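Participant: Got a structure for you, questions after.
The values are calculated or read from the model by the stated rules, or taken from the named source; none is laboratory data. This is a predicted model, so every value here is computed, not measured. As a convention, Cβ positions derive from the backbone with ideal geometry for all residues, glycine included, and neighbour counts pool all protein chains shown.
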Amino acid sequence: MLRQAWIFYVLFIPVLAIFGCSDKAEIEQFKTTPYLIDIPFPFPTALNIPADNPMTVEGVKLGRYLFYDGRLSGRTHPDSLMSCGTCHIQANSFEAGINHPVFSGGFVHGINGDRTSHVMLPLINLVWNFSGYGWNGFVYPENTNNDFRNIEDIVRVAVLAENELMGDTNHVKPLFQNIEGYPELFQKAFGSQVITFDHIEKAIAQFVRTFVSTNARFDKYIRGELQLTQSELNGYVLFTTEDGADCFHCHGGSANPMFTTHLFYNNGKDLSPDDPFDRYSITGNVNDIGKYKVPTLRNVALTAPYMHDGRYKTLDEVIEFYSSGVQLTPLIDPLMHHAVRGGVQLTTQEKADLMAFILSLQDDSFLTNPDFSAPVKFPDEN
């Protein structure tokens, strides 16, 4: 009996030690590198980063691969490849844009050919958005009606939606599990080579949160690095005054460098009474009928068509709408101070100056940042 116990000790305990060392080594090997977002003046310091998905260099690297990998649909046939980057084009501020090589008019369609019912919003500076995502805010951090709360959930919606990637998480997970290089990337980002869709969502969301634009001509002006032209300055005055173009209430200004409040307004468009994408469709509050998310004006020259239904193809049309096409309705937002006379009634020169200022919000470095672009090779191509 003593001999048997001694043999057990000699043979089994070292095995435990070996496995214990292996587990310890694996735990010690998993150590992520914090990804820090540079926040220049006067951008806010509060960032919408969920506690269960902190930004890491490893997570962002993985998210970049996944964002651009056409196999995210769960398919491998060349005719069925579709990724986030298929529709969200960096050169168009991560919108499809009106000049998309495949989709026409700014509307996109999924693998099954069905077109989306509204144009997309740009993926830009979303790390500062706490007020909900989508034209009607159906994805909201404080949402208690469903599970759609943040960018992570938008990833899931995009993969599953029939008019987008039309994927199946039960196909996506094993597909990427068997693609060489991906399990190792998941290990480095999340501490496990077992690929879950939760980790796919989190990695892509981390990458999208790096899409930060803070270096437009106007930003440089605010930082004292350059002087705006007289026309741009005139446009800025119009933008920020109620007696001018009166844009700042909804789109902000120097005190709100997002150039959106991220809130929802009825801006005086003629609207379908049963539009399923207004704020009312989410809240059920009749005062929210006809309200839509205010998009950022950063890089706005590249994000046509405009309004949720893509009714305007050019910025000139948008400016003309706010100048003379606003409709006074019982539910129009009180901030539309000039609705009683159809709009702000800008002169030709004022329209040109306002346009000059809006164009000063274009951040070319954002549009060409190699950190946001598609990787040259994917993990199984290295």
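Participant: Regarding Ile358, is this residue in contact with a Lys or Arg (Cβ under 7 Å, 6 or more places away or on another chain) and not hydroxyl-bearing (Ser, Thr, Tyr)?
Facilitator: Numbers: in contact with a Lys or Arg (Cβ under 7 Å, 6 or more places away or on another chain): no; not hydroxyl-bearing (Ser, Thr, Tyr): yes.
No: the conditions fail for Ile358.
Participant: Suppose we keep only residues that are touching a helix residue (DSSP H, G or I) at 6+ places or on another chain (Cβ under 7 Å) and assigned to a loop (DSSP other than H, G, I, E, B) within region 197-226. Which one would you say is farthest from Asp371 (Cα to Cα)? Give the steps one after another, and end with the answer.
Facilitator: Filtering region 197-226 for residues touching a helix residue (DSSP H, G or I) at 6+ places or on another chain (Cβ under 7 Å) gives 197, 199-213, 215, 226.
From the residues that got through so far, the ones that are assigned to a loop (DSSP other than H, G, I, E, B) too are 210-213, 215, 226.
Values: Thr210: 9, Phe211: 9, Val212: 11, Ser213: 13, Asn215: 15, Leu226: 26 Å.
So the residue we want is Leu226.
Participant: I would also like to ask the following. Residue check: is Ala352 in contact (Cβ under 8 Å) with a residue 40 or more places away in the chain and closer than 21 Å to Gly106 by Cβ? Step through it out loud before you land on a result.
Facilitator: Working: in contact (Cβ under 8 Å) with a residue 40 or more places away in the chain: yes; closer than 21 Å to Gly106 by Cβ: no.
Judged against the criteria, Ala352 is not a match.
Participant: Would you check which residues across region 265-310 are basic (Lys, Arg) and under 22 Å from the mean Cα position of the chain (by Cα) and list them? Break it down stepwise before answering.
Facilitator: The initial filter retains those residues of region 265-310 that are basic (Lys, Arg), namely 269, 279, 291, 293, 298.
Scanning region 265-310 gives Arg279, Lys291, Lys293, Arg298.
Participant: When you go through Val127, Val102, Val119 one by one, which is the residue that is within 30 Å of Ile179 (Cβ to Cβ) and part of a loop (DSSP other than H, G, I, E, B)?
Facilitator: Working: Val127 fails: part of a loop (DSSP other than H, G, I, E, B); Val119 fails: within 30 Å of Ile179 (Cβ to Cβ).
Val102 is the lone residue from the list that is within 30 Å of Ile179 (Cβ to Cβ) and part of a loop (DSSP other than H, G, I, E, B).
Participant: Is there a residue in region 308-320 that is in the same structural domain as Met258 (by TED's automatic domain parsing), out of contact with any Gly (no Cβ under 8 Å at 6 or more places or on another chain) and within 21 Å of Phe130 (Cα to Cα)?
Facilitator: yes
Participant: Now, a different point. If a residue must be within 18 Å of Asp153 (Cα to Cα), touching a residue at least 24 places away in the same chain (Cβ under 8 Å) and of a type in the set (Ser, Thr, Tyr), how many such residues does region 167-200 contain?
Facilitator: Qualifying residue count for the region: 1.
Participant: I've got another one for you. Looking at Ser213, Ser231, which one is over 15 Å from Phe67 (Cα atoms), touching a residue at least 12 places away in the same chain (Cβ under 8 Å), in contact with a Lys or Arg (Cβ under 6 Å, 6 or more places away or on another chain) and crowded, with 16+ Cβ neighbours inside 10 Å? Reasoning before the result, please.
Facilitator: Details: Ser231 fails: in contact with a Lys or Arg (Cβ under 6 Å, 6 or more places away or on another chain).
Only one candidate passes the filter, namely Ser213.
Participant: Please find, within region 144-182, the residue that is nearest to the chain's Cα centre (by Cα) out of those that are among the β-branched types (Val, Ile, Thr) and in a helix (DSSP H, G or I). Even if it seems obvious, please write down each step before you answer.
Facilitator: Of region 144-182, the ones among the β-branched types (Val, Ile, Thr) are 144, 151, 154-155, 157, 159, 169, 172, 179.
Going one step further and asking which of them are in a helix (DSSP H, G or I), we end up with 151, 154-155, 157, 159, 169, 172.
Working: Ile151: 7, Ile154: 9, Val155: 10, Val157: 13, Val159: 15, Thr169: 21, Val172: 22 Å.
Out of the qualifying residues, it is Ile151.
Participant: Asn99 passes all but one of (1) within 19 Å of Val159 (Cα to Cα); (2) without any contact (Cβ under 8 Å) to a residue 60 or more places away in the chain; which number fails?
Facilitator: (1)
Participant: From (1) at positive phi; (2) over 14 Å from the mean Cα position of the chain (by Cα); (3) not aromatic (Phe, Trp, Tyr), pick out the condition that doesn't hold for Asn125.
Facilitator: (2)
Participant: Let me ask you something else. Would you please name the residue that is nearest to Asn215 (Cα to Cα), looking only at residues in region 289-309 that are crowded, with 20+ Cβ neighbours inside 10 Å and among the charged types (D, E, K, R)? I'd like the intermediate steps shown before the answer.
Facilitator: Filtering region 289-309 down to residues crowded, with 20+ Cβ neighbours inside 10 Å leaves 290-300, 303-306, 308.
Those left that are additionally among the charged types (D, E, K, R): 291, 293, 298.
Working: Lys291: 30, Lys293: 24, Arg298: 10 Å.
The residue in question is Arg298.
Participant: So which residues in region 234-268 are assigned to a loop (DSSP other than H, G, I, E, B), surrounded by 22 or more Cβ atoms within 10 Å (Cβ to Cβ) and of a type in the set (Gly, Ala, Ser)?
Facilitator: Within region 234-268, Ala245, Gly268 meet the criteria.
Participant: While we're here: Tell me whether region 310-321 contains one or more residues that are surrounded by 16 or more Cβ atoms within 10 Å (Cβ to Cβ), part of a loop (DSSP other than H, G, I, E, B), touching a residue at least 12 places away in the same chain (Cβ under 8 Å) and at negative phi.
Facilitator: no
Participant: Let me ask something else. In region 79-91, which residues are part of a helix (DSSP H, G or I), closer than 17 Å to His109 by Cα and not small (Gly, Ala, Ser)? Steps first, answer last, please.
Facilitator: Looking only at region 79-91, we keep the residues that are part of a helix (DSSP H, G or I), and these are 79-80, 84-87, 90-91.
In the following step, the residues that additionally are closer than 17 Å to His109 by Cα were identified as 79-80, 84-87.
The answer is Asp79, Cys84, Thr86, Cys87.
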